[in-house]
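Single-structure report; data block below.
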Amino acid sequence: MSNFKKLVIEPLRKTNPVTVLVLGICSCLAVTAQLKPALVMGASVTVVTALSNFIISLLRKGIPSRIRIIVQLVVVAALVILIDQFLKAFAYDVSKQLSVYVGLIITNCIIMGRLEAFALSHGPWESFLDGLGNGLGYSLILVVVAFFRELLGSGTLLGYQVIPQSFYEAGYMNNGLMILPPMALIIVGVIIWIQRTRHPEMQENQN
Amino acid sequence: MKKDINSNGYIFLYATILIVVVAVLLTAAAIWLKPFQDTNKQNEKRINILRAAGIANVNADNAAELYKLHCTDEFLLDENGRPNNNGTLPLFVIDREISVIPMKGKGLWGPISGFIAIDTKGNIVGANFDHESETPGLGGEITTEKFQSQFKGKQIRKNGQIAPIEFDAITGATKTSNGVKEMIDNTLEKYKPFFEQLQPSDAMK
């Protein structure tokens, strides 16, 4: 239980791949203009990190270390293509929205990072949990960022109008800046700021 | 394991087996999922055609049914605007009156496409656009109702001639907007003979 907690819960907070390790930022800004693609991207990355961690961990004793990066890439790429094919077959709308980004899951630094740092030196089950935790940690940040960007940028959540019409009549306007990618970085920055203020031990030594 | 896992022979063997396994797996998945993906693509096309023609409440579940109900004819036109099996210009007729024609063009980052529906008097009934990789929130806005609805009711003729259509571009997405304009103009140019014979004199005013 404590192992489970450590591997799955910790990446949501103190070892969060996005806000603490600062990995996976590129896709974080690409798919967070709306909540729905963020949720799907988060789920896809979670599945890929968990499964690729699991598979690489199973293979770890047989992988020749000189070609280990290539082997990791092949496994991740195969998984990503499978997920892409499944989305195209069973969730066409979503796959259209993600079209470019699904292929980019493979270049997500979190996946390769966890494979190198964890899966190559730990057992399959632990690796699976670690991948799951890191995927969820990534999804959490994605969803928080997408929540604010969609709410403030389009006045909707998951495509449903949230901000009432009377607000617009009173002069309220959607903030077009929120839809543009740089705002994702600013929101991530704010999350990191809040997190570090609440956990001073995370701050680097000033000197 | 007795074998040295860093010997060249082992590395070659390992890489070969891995690639073969992955290739077989991916091929199997691609073959198995192909029918589902094709259905989705076909449905999407039908949804876009019906939406352009102004038919409401079309979704993936009822697209095939509604398409059967509304699409009265579909054929190919040659460059003289006449139906011809060897023609290159597809045309979909919805409810006998509305001609829906597909468009293809270039956006900023990749291809854009769409359908435009025109009635017998040369008025645009509706248009919709799609893109592969335009920036979400900028060029990607061409897929929104807000952008697409402005085409409704526009006339493709000016003084009896097929003329370029004017519309409001998207702020911050000049290249994509130009791409849309070019796409519409080029398409109408190609279908010019068809629309000219459709109603040669009605629009003259």
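Computed from the coordinates by the stated procedures, all read-outs in this text should not be read as laboratory data. From a predicted model like this one, the values you see are computed outputs, not experimental measurements. A quick note on method: Cβ atoms are made from the backbone with ideal geometry, for glycine too, and the neighbour counts reach across all protein chains shown.
How much length is gained if the chain between B:ALA64 and B:ASP78 is pulled fully straight, taking 0.36 nm per residue apart and subtracting their Cα-Cα distance, in nm to one decimal?
On the way: separation 14, 0.36 × 14 = 5.04 nm, distance 2.73 nm.
Between B:ALA64 and B:ASP78, full extension yields 2.3 nm more.
DSSP loop (so not H, G, I, E, B), at most 16 other Cβ within 10 Å: list which trypsin sites (Lys or Arg not before Pro) in the range A:1-33 pass both filters. Each step should come with its number before you reach the end.
Details: sites: A:LYS5, A:LYS6, A:ARG13, A:LYS14; in loops: A:ARG13, A:LYS14.
When the trypsin sites (Lys or Arg not before Pro) of the range A:1-33 are filtered for loop state and at most 16 Cβ neighbours within 10 Å, A:ARG13, A:LYS14 remain.
Work out, step by step, the length gained on full extension between B:LYS181 and B:LYS121: first 0.36 nm times the residue separation, then minus their alpha carbon distance; give nm to one decimal. Could you put the intermediate results ahead of the total?
On the way: separation 60, 0.36 × 60 = 21.60 nm, distance 2.14 nm.
In short, 19.5 nm is gained.
Suppose every Lys and Arg Cβ carries +1 and every Asp and Glu Cβ carries -1, with no other charges. What dipole size does chain B come out with about its Cα centre, to the nearest 20 debye? Before the final figure, lay out each step's value.
On the way: 23 positive and 24 negative charges, 48 e Å.
Rounded to the nearest 20 debye, it is 240 debye.
What size of dipole, in debye to the nearest 20, comes out for the range A:2-195 about its Cα centre when the only charges are +1 on Lys and Arg C-beta atoms and -1 on Asp and Glu C-beta atoms?
Details: 13 positive and 8 negative charges, 114 e Å.
Here the range A:2-195 has a charge dipole of around 540 debye.
Just want the answer: with Cβ charges of +1 for Lys and Arg and -1 for Asp and Glu, which residue in B:THR174, B:LEU50, B:ALA23 is farthest toward the dipole's positive end in chain B?
In chain B, that residue is B:ALA23.
Find how much the distance from B:LYS190 to B:VAL20 grows on full extension, using 0.36 nm per residue of separation minus their present alpha carbon separation; answer in nm with one decimal. Present the calculation step by step, with values, prior to reporting the outcome.
Values: separation 170, 0.36 × 170 = 61.20 nm, distance 4.78 nm.
That works out to 56.4 nm of additional length.
Only helices at least 20 Å long along their own axis, judged from Cα atoms, and with Kyte-Doolittle mean hydropathy of 0.5 or greater: name those in chain B from DSSP H. Intermediate values should be presented prior to the final figure.
Details: long enough: B:8-52 (60 Å, 0.59); B:174-198 (34 Å, -0.90).
Flagged H segments are B:8-52.
Treating cross-link reach as a plain straight distance, find the lysines whose alpha-carbon is under 25 Å from the alpha-carbon of B:LYS152, omitting any fewer than eight places away in the same chain.
B:LYS45, B:LYS68, B:LYS104, B:LYS106, B:LYS121, B:LYS175, B:LYS181, B:LYS190, B:LYS192, B:LYS205
Name the trypsin sites (Lys or Arg not before Pro) in the range B:2-48 that are in a loop by DSSP and that have at most 14 other C-beta atoms within 10 Å, would you? Write down the numbers at each step before the final one.
Working: sites: B:LYS2, B:LYS3, B:LYS41, B:LYS45, B:ARG46; in loops: B:LYS2, B:LYS3.
Counting only loop positions with at most 14 other Cβ atoms within 10 Å, the trypsin sites (Lys or Arg not before Pro) in the range B:2-48 are B:LYS2, B:LYS3.
What distance in nm separates the two pseudo spin-label positions at A:LYS5 and B:ASN8, each 7 Å out from Cα along the beta-carbon direction?
Result: 5.4 nm between the two label points.
At what distance in angstrom do the alpha carbon centres of the range B:15-58 and the range B:65-91 lie from each other?
25 Å
Pairs of alpha-carbon atoms within less than 8 angstrom and 6+ residues apart define the contacts here; what relative contact order does the range A:12-92 have, in percent?
Values: 22 pairs, mean separation 16.1, N = 81.
It comes to 20 percent, rounded to a whole number.
Using a Förster radius of 35 Å, what is the FRET efficiency between B:LYS158 and A:VAL143 based on their Cβ-Cβ separation? Nearest 0.05, please. Show your work: numbers first, answer last.
Working: r = 50 Å, r/R0 = 1.43.
Computed FRET efficiency for B:LYS158 and A:VAL143: 0.10.
Roughly how crowded by other chains is peptide A:83-94, in terms of the mean Cβ count from those chains within 10 Å of each of its Cβ atoms?
Numbers: counts 0, 1, 8, 4, 2, 6, 10, 4, 1, 8, 4, 0.
Whole-number average of other-chain Cβ neighbours for A:83-94 is 4.
For the protein assembly as shown, what does the equivalent ellipsoid look like in terms of its semi-axes, each the square root of 5 times an eigenvalue of the Cα gyration tensor, given largest first in whole Å?
Details: eigenvalues 471, 164, 55 Å².
Each semi-axis is √(5λ); the values are 49, 29, 17 Å.
To the nearest 0.05, what FRET efficiency results for A:ARG196 and A:TRP125 with a Förster distance of 35 Å applied to their C-beta separation? Walk me through the numbers before you get to the answer.
Values: r = 32 Å, r/R0 = 0.92.
About 0.60, to the nearest 0.05.
Report the GluC sites (Glu not before Pro) located in the range B:146-200 that are in a DSSP loop and have at most 15 other Cβ atoms inside 10 Å of their Cβ, or state none. Numbers along the way, then the final one.
Details: sites: B:GLU166, B:GLU182, B:GLU189, B:GLU196; in loops: B:GLU166.
Qualifying residues, ordered by number: B:GLU166.
Please identify, among B:LEU188, B:LEU89, B:LEU26, the residue showing maximal mean-square fluctuation in a Gaussian network model of chain B using a 10 angstrom Cα cutoff.
Comparing B:LEU188, B:LEU89, B:LEU26 in the GNM, the peak value goes to B:LEU26.
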